[in-house]
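Presented below is the structure to which this report refers.
The values are calculated or read from the model by the stated rules, or taken from the named source; none is laboratory data. Note that the coordinates shown come from a computational prediction; the quantities given were computed from them, not determined experimentally. Heads up, the Cβs are rebuilt from the backbone with ideal geometry, glycines too, and the neighbour counts pull from every protein chain shown. SASA here: full protein model, heavy atoms, side chains in, ligands and nucleic acids out. Shrake-Rupley method; radii C 1.70, N 1.55, O 1.52, S 1.80 Å.
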Amino acid sequence: MTSGAEDLYEVLRHVRPLHQYAAKAVAGSLAGHDVTMPMRAVLERLVDGPRTVPQVARSLWLPRQVVQRLADAAAGLGYLRYAENPAHRRSKLAELTEAGRLLFAEIHDAELADLQALADRLDPADIT
């Protein structure tokens, strides 16, 4: 019988090379853009709709202060804006601007093209 930690390690051992390849694909898609990998992660969390900085931070397992700096930098570049939050007076909602949506779509399309090259070399059953 194995422990949950050992089972999880086995998953990570098999996924780690894929994660490294994916990180290279993401880095390549950011070439020529003024977005960092961490900022891209914040933008990705906002694709499905507005969220508070603490919500984004929890979903990325990052400190709120780190995500706040990334969100502020993205806002400074015009990729997101802050809106009033009807559920909380002080915690604003971060949402992508049209420029942010377009930028993320461009970056994501480049990532997918690079990942397709890997997917073509893998057994579809393994991907599933």
First in region 106-128 and within 25 Å of residue 40 (Cβ to Cβ) and among the aliphatic types (A, V, I, L, M), second anywhere and open to solvent by less than 60 Å² (accessible area, probe 1.4 Å) and in a loop (DSSP other than H, G, I, E, B), Cβ under 9 Å, 6 or more apart: 107/33; 107/35
Being more than 21 Å from residue 106 (Cα to Cα), within 12 Å of the chain's Cα centre (by Cα), surrounded by 15 or more Cβ atoms within 10 Å (Cβ to Cβ) and touching a residue at least 12 places away in the same chain (Cβ under 8 Å) is the filter here; which residues of region 17-61 pass it? 56, 60
Pick from region 78-128 the residues that are touching a Ser or Thr at 6+ places or on another chain (Cβ under 9 Å) and part of a loop (DSSP other than H, G, I, E, B): which of them is surrounded by the fewest Cβ atoms within 10 Å (Cβ to Cβ)? 87
